[in-house]
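To start, the structure under review is shown below, and the notes come after it.
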Amino acid sequence: MPEKDVSALETLLKSKEFLYHTNLDRKTADLVFDGRTLKALYELMGRNSVEYIDFPISSGKESVVFKAFSKGKPVVIKVYKLSTLRFANIWKYIEGDYRFSRERIDRSNIVNIWAKKEFTNLKQLRKYKIPCPRPIAFHKNLLLMSYVGTKYAPAPMIKDVKIDFQAIYEQVVEDLTIMFSKAKLVHADMSEYNLLYHRRKAYFVDVGQAVAKDHPAADYFLERDVRNLVRFFSSKGVKCDLESLLKKIRGNPAPE
């Protein structure tokens, strides 16, 4: 990788122009773009024909999501923060998941495994036609996936729009049932913050923590997911209850 490219990006990151249209302060930018991430970013961009990074779509404690362009089309690059993604916070979602039982997992590479895990989970959801971003590639602490939104703006969270919540609730329940019974996964962080509204559908996002349904804590995670859904959709006037919804998703519908 040419040194001048790294220097050019470092100069851009330090410039006021880069931060002008973002919600990233200087400290956050430094945490996201450390030397290892800069190197990985250039490698990912080169391998996948990513021309440029446009702007941050969202920023959280453990990752920042950027809109970018590849071959003239919008894509998304998710950067998992090496400095703030804690081993203890994510180990519980990896330990016990048979899909990663052969991976060497320690503090030095767990963030890279996390990126691979979200890529794997998205691929599994897409296999069963559950609305979610299309995974394109992962590299170290980076995930490249399709962009969900319009040319004007990224898709909003369902909590931020006025929609037919009854219809969206029914769709989410159906997709969660498919996710559990066919994809054999539990989201493990389901809430109104991880559902985007696009083309009259709810799109599942942030699925890095999703676990196989035979994970030791799968039942606990599923019940937590359903509690969050019942809380949110009930607040929007949708009639739903925890026990009936759990039975439906597990394949044991309540008697009529």
Please list, ordered by first then second residue, the pairs with beta carbon atoms under 7 Å, 6 or more apart or interchain, first in the stretch 119-133 and within 17 Å of Glu174 (Cα to Cα), second among the aromatic types (Phe, Trp, Tyr) and outside any helix (DSSP H, G or I).
Leu125/Phe204; Ile130/Phe204; Pro131/Tyr203; Pro131/Phe204; Cys132/Tyr203; Cys132/Phe204
Answer yes or no: is there a residue in the stretch 75-83 that is surrounded by fewer than 20 Cβ atoms within 10 Å (Cβ to Cβ), touching a residue at least 24 places away in the same chain (Cβ under 8 Å), outside the structural domain of Tyr203 (by TED's automatic domain parsing) and farther than 23 Å from Leu185 by Cα.
yes
Could you tell me which of the residues Ala155, Ala188 is crowded, with 16+ Cβ neighbours inside 10 Å, in contact with a Gly (Cβ under 6 Å, 6 or more places away or on another chain) and of a type outside the set (S, T, N, Q)?
Ala155
For the stretch 165-173, state whether one or more residues are part of a helix (DSSP H, G or I), of a type in the set (Asp, Glu), in contact (Cβ under 8 Å) with a residue 24 or more places away in the chain and under 15 Å from Pro131 (Cα atoms).
no
When you scan the stretch 44-52, do you find a residue that is surrounded by 15 or more Cβ atoms within 10 Å (Cβ to Cβ) and charged (D, E, K, R), even just one?
no
Among the residues of the stretch 158-185, how many are surrounded by 17 or more Cβ atoms within 10 Å (Cβ to Cβ) and under 15 Å from Asn121 (Cα atoms)?
6
Could you say whether any residue in the stretch 216-225 is part of a loop (DSSP other than H, G, I, E, B) and not polar (S, T, N, Q)?
yes
With the structure loaded, tell me whether Tyr193 is in a strand (DSSP E or B) and surrounded by fewer than 24 Cβ atoms within 10 Å (Cβ to Cβ) or whether it fails that test.
no
So which of Phe100, Phe33, Phe87, Phe69 is modelled with pLDDT of 85 or more and under 21 Å from the mean Cα position of the chain (by Cα)?
Phe69
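Yes or no: the stretch 159-171 includes at least one residue that is in contact with a Leu (Cβ under 9 Å, 6 or more places away or on another chain), hydroxyl-bearing (Ser, Thr, Tyr) and not assigned by TED's automatic domain parsing to the domain that holds Lys71.
From the stretch 159-171, those in contact with a Leu (Cβ under 9 Å, 6 or more places away or on another chain) are 159, 168-169; that's our starting set.
Of the ones still in play, those that are also hydroxyl-bearing (Ser, Thr, Tyr) are 169.
Those still in the list that are not assigned by TED's automatic domain parsing to the domain that holds Lys71 too: 169.
Within the stretch 159-171, one or more residues are in contact with a Leu (Cβ under 9 Å, 6 or more places away or on another chain), hydroxyl-bearing (Ser, Thr, Tyr) and not assigned by TED's automatic domain parsing to the domain that holds Lys71.
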Can you spot a residue in the stretch 128-135 that is in a helix (DSSP H, G or I) and out of contact with any Asp or Glu (no Cβ under 8 Å at 6 or more places or on another chain)?
no
Which one of these is more than 30 Å from Trp91 (Cβ to Cβ), outside the structural domain of Tyr80 (by TED's automatic domain parsing) and touching a residue at least 40 places away in the same chain (Cβ under 8 Å): His198, His215?
His198
Residues that are closer than 30 Å to Tyr147 by Cβ, surrounded by 20 or more Cβ atoms within 10 Å (Cβ to Cβ), touching a helix residue (DSSP H, G or I) at 6+ places or on another chain (Cβ under 8 Å) and not β-branched (Val, Ile, Thr), drawn from the stretch 216-256:
Leu222, Asp225, Leu229, Phe232, Phe233
May I ask you to say which residue of Ile163, Ile130, Ile136 is closer than 19 Å to Phe233 by Cα and either modelled with pLDDT under 95 or not charged (D, E, K, R) (or both)?
Ile163
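The values are calculated or read from the model by the stated rules, or taken from the named source; none is laboratory data. Predicted, not measured: the structure shown is a model, and the values here were computed from it. With ideal geometry, Cβ positions are generated from the backbone for all residues, glycine too; neighbour counts draw on all protein chains shown.
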